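The next block holds one structure in the form of structure tokens; read it before the comments.
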Amino acid sequence: MRPKATLLTIVALSSVALLGGCESQKDGTPTPTSVPSSTGLPSNGAPAVANPIADTAQFESDPCKAVPTPEIESIGGKVERSEQEDMTMGKACAWIFAKGANTVSAGLVAGNKDGLSSLYAQHATGGLTTFKPVEQVAGYPAVVYANGGEGPGTCTLAVGVRNDLVYTIIPRLGSDHFSYSDPCGLATEVAAAGIKHLKGA
């Protein structure tokens, strides 16, 4: 798969996080829930974000700032280049690895004002082909999800950094990449690095 095609797939998958709906499945990990705030979030059974990250504007406009390239390289290998992608609901940074057609993309889905609640709603209405609440990432609730496109070497991880905002990470790896058999592990490492910088802003 060529990098450009990969990035277009990333945009399509990332847009799944943008819709909302009704109730949801019980969370699979012990994450806190709470009475919805004045914004009505969280809703649909989504977990509450206990320590929301308020100041995210600079990373919404420049997603490549969230994780310096040397940190991406320590997680996924030598990076050939990075590119900013403009999505319907926000911007993402795509790091293209030097070896093979391997990429990882990450960004704040700023246009989705329902955060993780939108994914729980989509799951409840049968709108997702994969929906799996996973262990918290650096203390923040997370879900692995997809709406088609599942397969080896790929994972879509959404981490709630506020009740109304998710940080989405999508590796697209070929069989030549050392994380091919565990793309969600790579996504989790990138998410943890991104959250560290988001919190430190």
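The values are calculated or read from the model by the stated rules, or taken from the named source; none is laboratory data. Keep in mind that what you see is a predicted model, and the values were worked out from it rather than measured. Cβ placement follows ideal geometry from the backbone for every residue including glycine, while neighbour counts extend to all protein chains displayed.
Some notes on this structure:
- The range 128-173: number of residues that are within 18 Å of ALA193 (Cα to Cα), among the polar types (S, T, N, Q) and part of a strand (DSSP E or B): 2
- Restricted to the range 164-187, and to residues there that are polar (S, T, N, Q) and surrounded by fewer than 24 Cβ atoms within 10 Å (Cβ to Cβ), the residue that is nearest to ASN51 (Cα to Cα) is SER179.
- Subset of the range 49-64 (residues that are closer than 19 Å to LYS113 by Cβ and in a loop (DSSP other than H, G, I, E, B)): VAL49, PRO52, ILE53, ALA54, ASP55, THR56
- Residues satisfying the stated conditions in the range 85-100, i.e. in contact with a Lys or Arg (Cβ under 6 Å, 6 or more places away or on another chain) and either in contact (Cβ under 8 Å) with a residue 40 or more places away in the chain or within 29 Å of ASP114 (Cβ to Cβ) (or both): ILE96
- Residue count for the range 119-144 under the criterion of being under 18 Å from ILE169 (Cα atoms) and loosely packed, with under 15 Cβ neighbours inside 10 Å: the result is 3.
- Of everything listed in (1) at pLDDT below 95; (2) part of a loop (DSSP other than H, G, I, E, B), the single unmet condition for ASP114 is (1).
- Candidate set: the range 65-108, residues that are modelled with pLDDT of 95 or more and assigned to a loop (DSSP other than H, G, I, E, B); chosen: the one nearest to THR188 (Cα to Cα): VAL67
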